[in-house]
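A short worksheet on the structure shown next.
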Amino acid sequence: MEFIIGHYNYWVVIFLMMVGLYTVISRGNLVKKIIGLNIFQVSVFFLYISMGTVEGGAAPIIAEGVKVYSNPLPHVLILTAIVVGVATTALALALVVRIKETYGTIEEDEIHNLDHSL
Amino acid sequence: MKPNLILHVIAKFLIPLIILFALYVQFHGDFGPGGGFQAGVIFSAAIILYSLVFGLESGEKIIPHHWLRILASLGVVIYAGVGIESLFLGGNYLDYTILGSNQIAGQHLGILLVELGVGITVAAAMLILFFAFAGRGRE
Amino acid sequence: MFDVVVDIVLLTFLATTSVAIMRMTNLFAIVMLFGIFSLLSAGLFVVMDAPDVAFTEAAVGAGISTVLMLTTLALVKRSKAPYYDEAPKIHTAWLPLIVVIVTGSALIYGTWDIPNFGSADAPSQTHVARFYLENSLPDTGVPNTVTAVLASYRGFDTLGEVTVIFTAAVAVMLLIGGKRPKSAPKTEDEEAQDEA
């Protein structure tokens, strides 16, 4: 039981990661692919933050009378990764907008048909 | 867009509070949760809310596009400039200790300036992203 | 104990939302659900003692990225059919499923060696984290360790991150910064006429 509770976080992280991966490789709509990629990304954030959590710990802001803090390093890494993530997502969405303007569609198979690439 | 009274009143009430909160998060980031990244994003959220409720043109009037481009570069320049300043004063790159009279004062000044640079760049970059996407819809 | 219950409930909500996102076909509903997904993750970050991260995720995930995705939808909307009715035909359903199941089982096998969630003697807690927590206040005078590490100890790293954000903004400006060209993309008939 303790093993299950102690690993539940990691298993849900892996589940979310796989849902994201499945959405990316099995769905043809480009916007949906990007959302799948974002789910994958958020699951990686959870992996890092879960690793940094200490039972009974407080947020890593030094205060008197608090002995146990959670690990600040994953927080720093993920904090910057979230903002960088939205910037790169915006770049991907901009590419989708240009693809729509050029091909008139955002479905992967229709783009392949127009290019005669399959 | 059809003007909506409730949206206008609520937005006028909320936007100053959001900007105030962004400034609090920016400058209180040393002591509580917060910092440049969060403050920049919250600040740009206020401007985005204004543009969504009152129309894109009024949003662009607050911060014109060329300002945004200058601000986005300015933040990176402030950050890198703090590093170069510490080089000139005889320390290592981004070694803030040399900036002040003692270690604590130097680190405080350095962290404040660097977070300011981060906040300016993040706010301007998020607004550039939003205006690029929203402006594309106009013919 | 209360923390653990909230943690498990929120994680289950997240898993359910992600499955709903995967199965839906209406893009507008998907984007709104993704906003809820981000808000739930922000709540979970608070439970895991990461208020800085929760702040960022709430503002970015539930705020800005939802707005960006909605504006994208407005730009790529179809004039005729409502988005798409079913998953496109060229994608077989079973091959991605096998890939995902094999990868997932390998990863779950990997979790057997991970120390329990929240254990204080895990390798990740005993090395550099202890150094930061003990030295950040005397070194920098900043009580918030996250800010001290972000701006001072790992300042060079953050400079790189800020440059990445700046570069992404420049790239988006170059791609879709101007107004849309007046001429609509040509249909196949018009192209055939041009060639003739």
Separation of alpha-carbon centers, segment C:128-180 and segment A:1-45, rounded to whole Å: 26
With label points set 7 Å from each Cα along the Cα-to-Cβ direction at C:Thr92 and C:Asp113, the distance between them in nm comes to 3.5
What number does the protein assembly as shown give for Rg over Rh if you use C-alpha atoms and the Kirkwood radius? 1.00
Relative contact order of chain A, defined on C-alpha pairs under 8 angstrom at six or more residues apart (%): 22
More than 15 angstrom separation, counting every C-alpha pair in segment B:48-94; what % is that? 60
Exposure rank, largest accessible area first [B:Ile70, C:Ile21; 1.4 Å]: B:Ile70, C:Ile21
Determine, at each q value in 0.12, 0.15, 0.29, 0.30 (inverse angstroms), the log₁₀ of I(q)/I(0) that the Debye formula gives when each Cα of segment A:1-58 is one equal point scatterer. -0.36, -0.51, -1.08, -1.11
Which whole-number percentage describes the relative contact order of chain B, with Cα contacts under 8 Å and a sequence gap of 6 or more? 28
Value of relative contact order over segment C:5-153, rounded to a whole percent, pairs C-alpha under 8 Å and six or more apart: 17
Sorting A:Leu91, A:Leu77, A:Ile34 by the position of each Cα along the dipole of chain A (Lys, Arg +1; Asp, Glu -1; all at Cβ), the one nearest the positive end of that ordering is A:Leu77
How much accessible area per residue does segment C:1-66 have, counting only protein heavy atoms and a probe of 1.4 Å, in square angstrom? 37
Expressed in square angstrom to the nearest 10, the accessible area of A:Phe45 with a 1.4 Å probe stands at 10
In terms of the charge dipole of the protein assembly as shown, which places +1 on Lys and Arg and -1 on Asp and Glu at the beta carbon, the residue among C:Thr163, B:Gly90, C:Leu174 farthest towards the positive end is C:Leu174
Could you compute the net charge surrounding B:Gly36? Neighbours are other residues with a C-beta less than 13 Å from the C-beta of B:Gly36; K and R count +1, D and E count -1. -4
Ignoring ligands and nucleic acids, B:Leu112 exposes an accessible area, probe 1.4 Å, in Å² to the nearest 10, of 70
D (µm²/s, integer) via Stokes-Einstein for segment A:1-105, Kirkwood Rh across alpha-carbon pairs, 37 °C, 0.692 mPa s: value 204
Would you mind estimating how fast segment C:121-179 diffuses translationally, via Stokes-Einstein at 37 °C and 0.692 mPa s with the Kirkwood radius over Cα pairs, in µm²/s? 237
Averaged over the residues of C:101-110, the number of partner chain Cβ atoms within 10 Å of each residue's own Cβ comes to 3
Quick one: ranking B:Ile6, A:Ile39 by accessible area, 1.4 Å probe, largest first, what do you get? B:Ile6, A:Ile39
Per residue of B:38-47, what is the mean number of Cβ atoms on other protein chains within 10 angstrom of that residue's Cβ? 5
Of A:Lys33/C:Lys77; B:Lys12/C:Lys77; A:Lys100/B:Lys61, pairs whose Cα-Cα distance is over 24 Å: B:Lys12/C:Lys77; A:Lys100/B:Lys61
So, taking all protein chains as they sit and a 1.4 Å probe, how much accessible area belongs to B:Glu115, in Å² rounded to tens? 10
Using only the alpha-carbon atoms of segment B:5-136, report the extent along each of the three principal axes, biggest first, to the nearest angstrom. 57, 30, 16
Test item: Cα-centred dipole of segment C:1-79, Lys/Arg +1 and Asp/Glu -1 on Cβ, debye: 640
Is there a simple number for the mean count of other chain Cβ atoms within 10 Å of the Cβ of residues in B:18-30, and what is it? 2
Ordering C:120-127, B:49-56, A:19-26 by per-residue average of other C-beta atoms within 10 angstrom, highest first, gives A:19-26, B:49-56, C:120-127
What translational diffusion coefficient, in µm²/s and rounded to a whole number, does the Stokes-Einstein relation yield for segment B:13-87 at 20 °C and a viscosity of 1.002 mPa s, taking the hydrodynamic radius as the Kirkwood radius over Cα pairs? 155
Out of the trypsin sites (Lys or Arg not before Pro) in segment A:10-118, which ones are loop residues according to DSSP with at most 12 other C-beta atoms within 10 Å? A:Lys67
How would C:Arg130, B:Arg138 rank on accessible area, largest to smallest, probe 1.4 Å? C:Arg130, B:Arg138
Over all pairs of different Cα atoms in segment A:56-118, the reciprocal of the mean inverse distance gives a Kirkwood radius in Å of 15.7
Mind checking the full-extension length gain between C:Thr16 and C:Val4? Use 0.36 nm per residue of separation minus the Cα-Cα distance, one decimal, nm. 2.5 nm
Quarter of the surface of the C-alpha convex hull for segment C:1-73, i.e. direction-averaged projected area in nm², equals 4.6
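The values are calculated or read from the model by the stated rules, or taken from the named source; none is laboratory data. Since we're looking at a predicted model, the values are computed, not measured. We place every Cβ from the backbone using ideal geometry, glycine too, and count neighbours over all the protein chains shown. Areas reflect the complete protein model, heavy atoms only, side chains present, ligands, DNA and RNA absent. Shrake-Rupley method; radii C 1.70, N 1.55, O 1.52, S 1.80 Å.
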